[in-house]
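Working notes, beginning with the structure itself.
The values are calculated or read from the model by the stated rules, or taken from the named source; none is laboratory data. Remember, predicted model here, so these are calculated numbers, not experimental data. Cβ: placed from backbone, ideal geometry, glycine included. Neighbour counts: every protein chain shown.
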Amino acid sequence: MKKKFIAAVISVIFPLSAGTVSLDADVATLTTMEAENPTHNIADLYLIEEAKEHTDDHGDFERKVRIMARSLNVPPEWVMAVIHSESRFNPQVKNMKGSGAKGLIQWMPHVYKAMGVKKLPSSANEQLDLVEQYLCERQAEVGPFKSLTDVRLAILYPVAVGKSQNYALYSKPSLAYKQNSGLDINKDGKVTVKDIARKMKREYREAFDIHLN
């Protein structure tokens, strides 16, 4: 009886899964990748403070990002970095160069309509469901995402995933190059895989330096 009482007291003082009890079961169960990588802190998701500005329920937003990351078998930091790079987490933002792209990952209208969506949801949390659908579909086409750059390319130009560093996504004098010229890091008239990698490394070093086991 005494042993049972002591065990009960210990379970109250040191509950199982300490630090995750406020999150739902899906989030509380870390993947092996998350558990082994010390940068994956379930209490402090990368860039979540910036995301809070555009969501009324950042807890739900975080939950969806983590579930999406597990579905894709990538770190959640990669998901957060690519969304931030595309929209700064603003679900209403539109491309300033007139491409027609908009939303969390700057969808072109024909892309989300091909997914069966007539109009993008207005909330960031609802759009995350479409982000997961889109990235899972691209991954099924191009193969596993092995780096942060791969995830960004899956949004920008899916066929470039897995290509050489010199592979060009856009080149002068095309309209696509003009609309994406800010990605041409060395200003050589081409946006290459290397340019995308350099930009992601420069702006999201913490996420970029995470490697899959």
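Quickly run through the range 129-165 and pick out the residues that are of a type in the set (Val, Ile, Thr) and not in a helix (DSSP H, G or I).
Hit for the range 129-165 is 161, nothing else.
Looking across 124, 101, one residue alone is closer than 21 Å to residue 199 by Cα and among the aliphatic types (A, V, I, L, M). It is 101. The residues in the range 187-208 that are in contact (Cβ under 8 Å) with a residue 12 or more places away in the chain and either over 22 Å from residue 74 (Cα atoms) or not in a helix (DSSP H, G or I) (or both) can be counted, and the count is 5.
When residues in the range 27-52 are screened for being at pLDDT below 95 and under 15 Å from residue 125 (Cβ atoms), 1 of them pass.
When restricted to residues that are surrounded by 14 or more Cβ atoms within 10 Å (Cβ to Cβ) and small (Gly, Ala, Ser), the range 81-136 contains 8.
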